[in-house]
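The values are calculated or read from the model by the stated rules, or taken from the named source; none is laboratory data. The model shown is predicted, which means the values in this text are computed figures rather than measured ones. For neighbour counting, all protein chains shown are included, and Cβ atoms are generated from backbone atoms with ideal geometry for every residue, glycine included. Calculation scope for accessible area: heavy atoms of the full protein, side chains included, ligands and nucleic acids excluded. Shrake-Rupley method; radii C 1.70, N 1.55, O 1.52, S 1.80 Å.
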Amino acid sequence: MSKNIIYYFTGTGNSLAVARSISLAMTDVVLIPMLNEDALTYIDTHTESIGLIYPIHVNALPHAVIHFIQKIHLPSKAYFYVVATHGGIPGMSGLYLNKILKKQGIDLKTYYEIEMLNNTPKGIAPKFLMRLNWEQEITPEKVDHKLSAMKIEVENIVKGITDKEETTLQKPPSGTRIMMYWMMQIMWLISNPSKYKLQFLVDDSCNGCGICEQVCVTKRIKMNEDKPEWVHDHCNFCYACFNYCPKEAIGVKYYTKKLGRYHHPDISAQDIAAQIK
Ligand SMILES: Cc1cc2nc3c(=O)[nH]c(=O)nc-3n(C[C@H](O)[C@H](O)[C@H](O)COP(=O)(O)O)c2cc1C
Ligand code: SF4
Ligand code: SF4
(Lines give C-alpha, C1' and ligand atoms only; values in the text may rest on other atoms or scores of the structure.)
(Ligands and ions follow the chains in the order given, each with its own letter.)
Protein backbone atom coordinates (compact mmCIF):
# COMPACT_ATOMS: atom_id res chain seq x y z
CA MET A 1 0.00 0.00 0.00
CA SER A 2 1.22 3.49 -0.84
CA LYS A 3 1.68 5.87 2.07
CA ASN A 4 0.21 8.82 0.21
CA ILE A 5 -3.16 8.75 -1.53
CA ILE A 6 -4.64 11.32 -3.87
CA TYR A 7 -8.34 10.92 -4.62
CA TYR A 8 -9.73 12.81 -7.59
CA PHE A 9 -13.01 13.53 -9.28
CA THR A 10 -13.02 15.19 -12.69
CA GLY A 11 -15.41 16.03 -15.51
CA THR A 12 -13.15 17.58 -18.10
CA GLY A 13 -9.69 16.73 -16.85
CA ASN A 14 -8.59 19.88 -15.00
CA SER A 15 -8.66 18.22 -11.60
CA LEU A 16 -7.02 15.04 -12.90
CA ALA A 17 -4.25 17.08 -14.55
CA VAL A 18 -3.59 18.86 -11.25
CA ALA A 19 -3.70 15.54 -9.38
CA ARG A 20 -1.19 14.02 -11.81
CA SER A 21 1.17 16.98 -11.53
CA ILE A 22 1.09 16.82 -7.74
CA SER A 23 1.58 13.04 -7.69
CA LEU A 24 4.60 13.29 -10.02
CA ALA A 25 6.33 15.53 -7.49
CA MET A 26 5.70 13.12 -4.58
CA THR A 27 7.06 9.67 -3.75
CA ASP A 28 5.16 6.57 -2.68
CA VAL A 29 1.87 7.96 -3.93
CA VAL A 30 -1.17 6.44 -5.60
CA LEU A 31 -3.82 8.28 -7.61
CA ILE A 32 -7.35 6.90 -7.19
CA PRO A 33 -10.65 8.09 -8.68
CA MET A 34 -13.26 8.84 -5.99
CA LEU A 35 -15.75 6.95 -8.17
CA ASN A 36 -13.73 3.73 -8.06
CA GLU A 37 -15.77 1.28 -6.02
CA ASP A 38 -12.64 0.07 -4.17
CA ALA A 39 -11.35 3.59 -3.53
CA LEU A 40 -11.54 3.48 0.25
CA THR A 41 -9.73 0.14 0.57
CA TYR A 42 -6.47 1.96 -0.17
CA ILE A 43 -6.54 3.64 3.27
CA ASP A 44 -4.92 1.81 6.17
CA THR A 45 -3.19 2.66 9.43
CA HIS A 46 0.08 3.36 7.56
CA THR A 47 -1.46 6.03 5.35
CA GLU A 48 0.48 9.25 5.89
CA SER A 49 -1.38 11.70 3.70
CA ILE A 50 -4.71 11.89 1.91
CA GLY A 51 -5.56 14.57 -0.62
CA LEU A 52 -8.85 15.25 -2.38
CA ILE A 53 -8.80 17.04 -5.73
CA TYR A 54 -12.02 18.05 -7.46
CA PRO A 55 -13.75 20.90 -9.33
CA ILE A 56 -15.87 23.55 -7.64
CA HIS A 57 -19.49 23.27 -8.74
CA VAL A 58 -21.92 26.13 -8.12
CA ASN A 59 -19.76 27.69 -5.39
CA ALA A 60 -19.80 24.34 -3.61
CA LEU A 61 -18.74 20.73 -4.22
CA PRO A 62 -19.95 18.19 -6.79
CA HIS A 63 -22.42 15.93 -5.02
CA ALA A 64 -20.30 12.90 -6.03
CA VAL A 65 -17.50 14.40 -3.91
CA ILE A 66 -19.85 15.06 -1.00
CA HIS A 67 -20.95 11.41 -1.10
CA PHE A 68 -17.33 10.31 -1.12
CA ILE A 69 -16.45 12.48 1.88
CA GLN A 70 -19.43 11.09 3.77
CA LYS A 71 -17.93 7.59 3.50
CA ILE A 72 -14.31 8.38 4.32
CA HIS A 73 -12.68 7.52 7.66
CA LEU A 74 -9.23 8.96 8.22
CA PRO A 75 -6.45 7.30 10.17
CA SER A 76 -5.82 9.62 13.11
CA LYS A 77 -2.29 10.64 12.07
CA ALA A 78 -2.91 11.18 8.36
CA TYR A 79 -2.28 14.63 6.92
CA PHE A 80 -5.45 15.66 5.06
CA TYR A 81 -5.56 18.35 2.37
CA VAL A 82 -7.92 19.45 -0.39
CA VAL A 83 -7.25 21.09 -3.76
CA ALA A 84 -10.28 22.54 -5.55
CA THR A 85 -10.02 23.63 -9.19
CA HIS A 86 -12.37 26.32 -10.46
CA GLY A 87 -13.15 28.65 -13.34
CA GLY A 88 -12.53 31.97 -11.63
CA ILE A 89 -15.46 32.27 -9.20
CA PRO A 90 -14.65 29.95 -6.28
CA GLY A 91 -17.02 31.87 -4.02
CA MET A 92 -17.28 30.36 -0.55
CA SER A 93 -16.88 26.74 -1.56
CA GLY A 94 -14.14 26.30 1.05
CA LEU A 95 -16.62 27.13 3.78
CA TYR A 96 -19.13 24.72 2.30
CA LEU A 97 -16.46 22.01 2.35
CA ASN A 98 -15.70 22.79 5.97
CA LYS A 99 -19.35 22.31 6.93
CA ILE A 100 -19.32 18.84 5.40
CA LEU A 101 -15.99 17.86 6.90
CA LYS A 102 -17.05 19.02 10.36
CA LYS A 103 -20.07 16.71 10.22
CA GLN A 104 -17.66 13.86 9.45
CA GLY A 105 -15.31 14.91 12.25
CA ILE A 106 -12.51 15.42 9.71
CA ASP A 107 -9.76 17.90 10.45
CA LEU A 108 -8.71 19.67 7.26
CA LYS A 109 -5.06 20.67 7.45
CA THR A 110 -4.81 22.67 4.25
CA TYR A 111 -7.15 23.90 1.53
CA TYR A 112 -5.95 25.15 -1.85
CA GLU A 113 -7.82 26.55 -4.84
CA ILE A 114 -6.45 26.66 -8.39
CA GLU A 115 -8.00 28.70 -11.16
CA MET A 116 -8.26 26.72 -14.40
CA LEU A 117 -10.39 27.07 -17.52
CA ASN A 118 -14.10 27.14 -16.84
CA ASN A 119 -15.68 24.10 -18.50
CA THR A 120 -19.15 25.60 -18.38
CA PRO A 121 -19.09 29.38 -18.43
CA LYS A 122 -22.84 29.47 -18.02
CA GLY A 123 -22.88 26.87 -15.29
CA ILE A 124 -26.37 25.57 -14.70
CA ALA A 125 -27.97 28.98 -15.21
CA PRO A 126 -31.71 29.21 -15.88
CA LYS A 127 -32.88 29.05 -19.50
CA PHE A 128 -33.37 32.78 -19.93
CA LEU A 129 -29.72 33.40 -18.92
CA MET A 130 -28.54 30.65 -21.27
CA ARG A 131 -29.99 32.59 -24.18
CA LEU A 132 -27.99 35.76 -23.47
CA ASN A 133 -24.51 36.40 -24.88
CA TRP A 134 -22.49 36.76 -21.71
CA GLU A 135 -20.08 33.88 -22.04
CA GLN A 136 -16.39 34.42 -22.73
CA GLU A 137 -14.76 32.70 -25.66
CA ILE A 138 -12.29 29.90 -24.92
CA THR A 139 -9.26 30.48 -27.15
CA PRO A 140 -6.03 28.39 -27.45
CA GLU A 141 -4.12 31.40 -26.02
CA LYS A 142 -6.35 31.45 -22.94
CA VAL A 143 -5.84 27.72 -22.47
CA ASP A 144 -2.03 28.05 -22.72
CA HIS A 145 -1.98 31.00 -20.37
CA LYS A 146 -4.10 29.30 -17.70
CA LEU A 147 -2.21 26.02 -17.89
CA SER A 148 1.16 27.78 -17.50
CA ALA A 149 -0.16 29.63 -14.45
CA MET A 150 -1.45 26.31 -13.10
CA LYS A 151 2.07 24.82 -13.22
CA ILE A 152 3.38 27.54 -10.89
CA GLU A 153 0.44 27.08 -8.53
CA VAL A 154 1.05 23.34 -8.43
CA GLU A 155 4.70 23.89 -7.45
CA ASN A 156 3.55 25.99 -4.47
CA ILE A 157 1.00 23.39 -3.48
CA VAL A 158 3.51 20.55 -3.68
CA LYS A 159 5.83 22.53 -1.43
CA GLY A 160 2.97 23.10 1.03
CA ILE A 161 2.04 19.42 1.08
CA THR A 162 5.65 18.26 1.42
CA ASP A 163 6.14 20.66 4.34
CA LYS A 164 2.80 19.46 5.77
CA GLU A 165 1.69 23.07 5.78
CA GLU A 166 -1.32 23.92 7.95
CA THR A 167 -3.57 26.81 7.02
CA THR A 168 -6.87 27.86 8.48
CA LEU A 169 -9.71 27.75 6.03
CA GLN A 170 -11.02 31.14 4.92
CA LYS A 171 -13.16 32.72 7.62
CA PRO A 172 -16.55 34.22 6.74
CA PRO A 173 -15.49 37.37 4.90
CA SER A 174 -16.02 40.92 5.99
CA GLY A 175 -17.67 43.89 4.24
CA THR A 176 -19.73 43.37 1.10
CA ARG A 177 -18.65 39.75 0.68
CA ILE A 178 -20.42 38.83 3.91
CA MET A 179 -23.70 39.45 2.10
CA MET A 180 -22.71 37.00 -0.64
CA TYR A 181 -21.68 34.49 2.02
CA TRP A 182 -25.10 34.57 3.65
CA MET A 183 -26.84 34.38 0.29
CA MET A 184 -24.85 31.23 -0.41
CA GLN A 185 -25.79 29.84 3.01
CA ILE A 186 -29.47 30.27 2.13
CA MET A 187 -28.95 28.76 -1.33
CA TRP A 188 -27.16 25.71 0.12
CA LEU A 189 -29.96 25.34 2.65
CA ILE A 190 -32.82 25.41 0.17
CA SER A 191 -31.18 23.69 -2.80
CA ASN A 192 -30.01 20.12 -3.02
CA PRO A 193 -27.68 19.97 -6.05
CA SER A 194 -28.49 16.32 -6.65
CA LYS A 195 -32.08 17.33 -7.43
CA TYR A 196 -31.27 19.56 -10.42
CA LYS A 197 -32.28 18.15 -13.76
CA LEU A 198 -29.87 19.12 -16.50
CA GLN A 199 -31.43 18.91 -19.93
CA PHE A 200 -29.12 18.23 -22.89
CA LEU A 201 -29.78 18.70 -26.62
CA VAL A 202 -28.16 17.06 -29.66
CA ASP A 203 -28.08 18.67 -33.08
CA ASP A 204 -27.72 17.19 -36.57
CA SER A 205 -23.93 17.34 -36.60
CA CYS A 206 -23.75 14.27 -34.31
CA ASN A 207 -21.80 11.53 -36.13
CA GLY A 208 -22.75 8.71 -33.78
CA CYS A 209 -19.20 8.20 -32.43
CA GLY A 210 -20.42 7.32 -28.92
CA ILE A 211 -17.77 9.34 -27.04
CA CYS A 212 -20.50 11.02 -24.98
CA GLU A 213 -21.72 7.61 -23.82
CA GLN A 214 -18.14 6.58 -23.03
CA VAL A 215 -17.35 9.61 -20.81
CA CYS A 216 -20.63 9.55 -18.90
CA VAL A 217 -19.68 7.95 -15.60
CA THR A 218 -23.26 7.87 -14.31
CA LYS A 219 -24.33 5.84 -17.37
CA ARG A 220 -26.96 8.44 -18.08
CA ILE A 221 -26.23 8.35 -21.82
CA LYS A 222 -27.09 5.40 -24.03
CA MET A 223 -26.61 5.29 -27.80
CA ASN A 224 -29.76 4.46 -29.71
CA GLU A 225 -29.50 4.13 -33.50
CA ASP A 226 -26.28 6.16 -33.48
CA LYS A 227 -27.75 9.00 -31.43
CA PRO A 228 -27.23 9.61 -27.70
CA GLU A 229 -30.18 9.54 -25.36
CA TRP A 230 -30.13 10.70 -21.74
CA VAL A 231 -32.03 7.79 -20.29
CA HIS A 232 -32.27 8.76 -16.61
CA ASP A 233 -31.74 11.81 -14.39
CA HIS A 234 -28.72 10.74 -12.36
CA CYS A 235 -26.11 13.26 -13.49
CA ASN A 236 -22.81 14.46 -12.00
CA PHE A 237 -23.15 17.78 -13.87
CA CYS A 238 -19.58 17.13 -14.94
CA TYR A 239 -20.11 18.44 -18.50
CA ALA A 240 -17.88 15.71 -19.93
CA CYS A 241 -20.46 14.78 -22.59
CA PHE A 242 -20.84 18.42 -23.60
CA ASN A 243 -17.11 19.14 -23.76
CA TYR A 244 -15.68 15.89 -25.19
CA CYS A 245 -18.12 15.68 -28.12
CA PRO A 246 -15.83 16.13 -31.17
CA LYS A 247 -18.64 17.67 -33.21
CA GLU A 248 -19.81 20.12 -30.51
CA ALA A 249 -23.21 18.59 -31.15
CA ILE A 250 -24.36 18.65 -27.53
CA GLY A 251 -25.99 21.72 -26.04
CA VAL A 252 -27.45 22.52 -22.65
CA LYS A 253 -30.97 23.89 -22.53
CA TYR A 254 -30.99 26.63 -25.22
CA TYR A 255 -27.26 27.02 -25.24
CA THR A 256 -25.66 25.36 -28.27
CA LYS A 257 -22.63 26.11 -30.41
CA LYS A 258 -21.70 29.69 -29.63
CA LEU A 259 -19.01 28.99 -27.10
CA GLY A 260 -16.73 26.28 -28.27
CA ARG A 261 -15.82 23.54 -25.86
CA TYR A 262 -13.03 22.85 -23.41
CA HIS A 263 -11.38 19.85 -21.85
CA HIS A 264 -7.87 19.63 -20.51
CA PRO A 265 -5.58 18.91 -23.49
CA ASP A 266 -3.68 16.11 -21.71
CA ILE A 267 -6.74 14.24 -20.45
CA SER A 268 -8.48 11.89 -22.85
CA ALA A 269 -12.03 10.60 -22.98
CA GLN A 270 -10.59 7.23 -21.87
CA ASP A 271 -9.11 8.89 -18.78
CA ILE A 272 -12.54 10.26 -17.86
CA ALA A 273 -14.25 6.92 -18.45
CA ALA A 274 -11.60 5.12 -16.37
CA GLN A 275 -12.90 6.77 -13.20
CA ILE A 276 -15.44 4.00 -12.77
CA LYS A 277 -14.70 0.33 -12.49
C1 LIG B 1 -21.93 22.33 -12.96
C2 LIG B 1 -20.70 23.19 -12.85
C3 LIG B 1 -20.69 24.25 -11.97
C4 LIG B 1 -19.54 25.05 -11.86
N5 LIG B 1 -19.53 26.06 -10.95
C6 LIG B 1 -18.43 26.84 -10.83
C7 LIG B 1 -18.40 27.89 -9.86
O8 LIG B 1 -19.33 28.10 -9.09
N9 LIG B 1 -17.29 28.66 -9.80
C10 LIG B 1 -16.22 28.46 -10.64
O11 LIG B 1 -15.25 29.19 -10.56
N12 LIG B 1 -16.20 27.46 -11.54
C13 LIG B 1 -17.29 26.64 -11.66
N14 LIG B 1 -17.29 25.61 -12.57
C15 LIG B 1 -16.08 25.40 -13.41
C16 LIG B 1 -15.20 24.29 -12.88
O17 LIG B 1 -15.04 24.37 -11.48
C18 LIG B 1 -13.79 24.32 -13.51
O19 LIG B 1 -13.83 24.43 -14.88
C20 LIG B 1 -13.02 23.08 -13.07
O21 LIG B 1 -11.64 23.29 -13.20
C22 LIG B 1 -13.42 21.84 -13.86
O23 LIG B 1 -12.66 20.76 -13.41
P24 LIG B 1 -12.69 19.32 -14.08
O25 LIG B 1 -12.17 19.52 -15.49
O26 LIG B 1 -11.78 18.52 -13.25
O27 LIG B 1 -14.11 18.86 -14.07
C28 LIG B 1 -18.40 24.80 -12.68
C29 LIG B 1 -18.43 23.71 -13.56
C30 LIG B 1 -19.56 22.91 -13.64
C31 LIG B 1 -19.54 21.74 -14.59
S1 SF4 C 1 -19.97 12.54 -28.79
FE2 SF4 C 1 -21.12 14.01 -30.06
S3 SF4 C 1 -20.88 13.25 -32.13
FE4 SF4 C 1 -20.31 11.57 -30.78
S5 SF4 C 1 -22.24 10.43 -30.48
FE6 SF4 C 1 -22.13 11.89 -28.80
S7 SF4 C 1 -23.26 13.69 -29.55
FE8 SF4 C 1 -22.81 12.42 -31.34
S1 SF4 D 1 -24.91 13.29 -18.63
FE2 SF4 D 1 -23.09 14.49 -19.15
S3 SF4 D 1 -22.91 15.92 -17.42
FE4 SF4 D 1 -24.26 14.25 -16.73
S5 SF4 D 1 -22.88 12.75 -15.76
FE6 SF4 D 1 -23.13 12.15 -17.91
S7 SF4 D 1 -21.35 13.10 -18.92
FE8 SF4 D 1 -21.60 14.14 -16.95
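Summary table
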item	result
Listed residues R20, R220, R261 arranged by accessible area, highest first, probe 1.4 Å	R20, R261, R220
Solvent-accessible ranking of W230, W182, largest area first, probe 1.4 Å	W182, W230
Accessible area of K247 in the full protein assembly, 1.4 Å probe (Å², nearest 10)	90
Virtual spin-label span in nm between H145 and M1, 7 Å along Cα→Cβ	4.6
Contour minus Cα-Cα distance for L201 and E137 (0.36 nm per residue)	21.0 nm
Rounded to the nearest 10 Å², the accessible area of C245 at probe 1.4 Å	20
Other-chain or far-sequence residues with amide H under 5 Å of E229's (modelled H)	K222, M223, N224
Fully extended contour minus Cα-Cα distance, from I89 to V30, at 0.36 nm per residue	18.3 nm
Compactness relative to 2.2 N^0.38 Å, alpha carbon Rg of region 197-273	0.99
Under-5 Å amide H pairs with I114, H placed in peptide plane, nonlocal only	A84, T85, H86
Sequence of I211, I22 from largest to smallest accessible area, 1.4 Å probe	I211, I22
12 Å beta-carbon shell around I53, net charge (K/R +1, D/E -1)	0
Counted charge near C241, where neighbours are those whose Cβ lies closer than 11 Å (Asp, Glu -1; Lys, Arg +1)	+1
Those residues of region 1-32 whose amide nitrogen sits under 14 Å from the label point placed on H46, 7 Å along Cα→Cβ	1-5, 28-30
